[in-house]
Amino acid sequence: MDILDRKIAAALARDARLSMAQIGAEVGLSTSAVNDRIRRLSARGAIRAMRADCDPEAFGLDVAAFVWVALAPGADEAGFRTAMAAAPEVTACHHVTGPWSYLVQIRVAGLGAVEGFLAGLKAAGWIARSETMIALSSVVEAPFLFRG
């Protein structure tokens, strides 16, 4: 990957609606050259998808919460991972070091939905203990992908 590929990827990450001509003007390439590079980047897996960055609050998801999870002894870790990847309220899930097993970030409509999420984790038998933090505001936040 060269500097032009990186510039094209940065332009798409900033605004995936840019036309090939707009990207070409920005990076100094023709439209067809930009198209070829994007196709190669996609084929190699460097560009995984082009998505809309949605405003979570516009979708009624006003609460961002971070849930530290310690898996229960003998818990089905593969099942936990699969469930987190499929849960529409989960915006990120990281396997972490230290006293916790995972850090799960969720976006939900209200505090009752946070409680519901935690109740689901407990009912599935995945967690030995958890700690939840609610975000008061977000200074920097990764793009929100509405998964409805």
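Within region 56-73, is even one residue in contact (Cβ under 8 Å) with a residue 12 or more places away in the chain, closer than 30 Å to ASP5 by Cβ, surrounded by 12 or more Cβ atoms within 10 Å (Cβ to Cβ) and of a type outside the set (A, V, I, L, M, F, W, C)?
Keep residues of region 56-73 that are in contact (Cβ under 8 Å) with a residue 12 or more places away in the chain, which gives 56, 59-73.
Subsequent filtering for residues that are closer than 30 Å to ASP5 by Cβ retains none.
No, there is no match, as no residue in region 56-73 is in contact (Cβ under 8 Å) with a residue 12 or more places away in the chain, closer than 30 Å to ASP5 by Cβ, surrounded by 12 or more Cβ atoms within 10 Å (Cβ to Cβ) and of a type outside the set (A, V, I, L, M, F, W, C).
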Legend entry - Of all residues making up region 41-55, the number that are free of Cβ contacts under 8 Å to residues at least 24 places away in the same chain and over 13 Å from the mean Cα position of the chain (by Cα): 4
Legend entry - Hits in region 129-148 - residues which are farther than 15 Å from ALA13 by Cβ, surrounded by 14 or more Cβ atoms within 10 Å (Cβ to Cβ) and modelled with pLDDT under 85: PHE146
Legend entry - Residues that are aromatic (Phe, Trp, Tyr) and assigned to a loop (DSSP other than H, G, I, E, B), drawn from region 88-130: TRP100, TRP126
Inset, instruction - For region 92-108, enumerate the residues that are farther than 15 Å from TRP126 by Cβ and surrounded by 16 or more Cβ atoms within 10 Å (Cβ to Cβ). - result: GLN105, ARG107, VAL108
Inset, instruction - Answer yes or no as to whether GLU89 is surrounded by fewer than 17 Cβ atoms within 10 Å (Cβ to Cβ) and touching a helix residue (DSSP H, G or I) at 6+ places or on another chain (Cβ under 7 Å). - result: no
Inset, instruction - Could you tell me whether region 65-88 includes any residue that is at pLDDT below 95 and under 18 Å from the mean Cα position of the chain (by Cα)? - result: yes
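The values are calculated or read from the model by the stated rules, or taken from the named source; none is laboratory data. Computed from a predicted model, the values in this text were never measured in an experiment. Neighbour counts run over all protein chains shown; Cβ positions are idealised from the backbone, glycine included.
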